[in-house]
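**Q** This is the structure I want to talk about, given as structure tokens.
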Amino acid sequence: MAASDEPLYPAAQCAAFWFGYADYAQWSKFLDGQPDDVELAQAFRAVALRLGDQTEVDRFIAQQRPLMALLMEATIYAQDRQSREVFETLSETCEDYGAAQPELQELR
């Protein structure tokens, strides 16, 4: 259960999104990963941990992370329109959500 009234999963979903992005960048010839990608993922994980149980957070991230890497593959390599829309929505959601989180202030 979350430790506050804030929802747990935007933070955990954003962590999975950025971990998946970093994973895809490691093996993709179309994307150059940056150390900031992992730092961003870790910062979102820190937000999720502040809000909820570590086991639940890490289970969710582990489940979603490979799916996010597949989303990157579909968006970047396959140029799939629906995947691009999901990517853009998640990216905007994470940016908006992260703007209010103290764990992400140093990364801005």
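The values are calculated or read from the model by the stated rules, or taken from the named source; none is laboratory data. Because the structure is a prediction, the values reported are computed rather than measured. As a convention, Cβ positions derive from the backbone with ideal geometry for all residues, glycine included, and neighbour counts pool all protein chains shown. Remember, those area values only see protein heavy atoms, side chains included, never the ligands or the DNA or RNA. Shrake-Rupley method; radii C 1.70, N 1.55, O 1.52, S 1.80 Å.
**Q** Of all residues in region 92-105, which are touching a residue at least 12 places away in the same chain (Cβ under 8 Å) and open to solvent by 40 Å² or more (accessible area, probe 1.4 Å)?
**A** Selection gives Thr93, Glu103.
**Q** Contact list please: Cβ distance under 6 Å, first residue in region 44-70 and closer than 10 Å to Tyr9 by Cβ, second residue among the acidic types (Asp, Glu), pairs at least six apart or on different chains.
**A** These pairs meet every condition: Leu51/Glu6.
**Q** For residues that are open to solvent by 70 Å² or more (accessible area, probe 1.4 Å) and touching a residue at least 60 places away in the same chain (Cβ under 8 Å), tally how many sit in region 32-43.
**A** Adding up the residues that qualify gives 2.
**Q** If you don't mind, there's one more thing I want to ask. Out of curiosity, is Gly20 crowded, with 19+ Cβ neighbours inside 10 Å and more than 12 Å from the chain's Cα centre (by Cα)?
**A** So Gly20 does not fit the description; no.
**Q** If I filter region 78-89 for residues that are open to solvent by 60 Å² or more (accessible area, probe 1.4 Å) and within 19 Å of Gln42 (Cβ to Cβ), do I get at least one hit?
**A** Within region 78-89 (the criterion being open to solvent by 60 Å² or more (accessible area, probe 1.4 Å) and within 19 Å of Gln42 (Cβ to Cβ)), the answer is no, since none of the residues qualifies.
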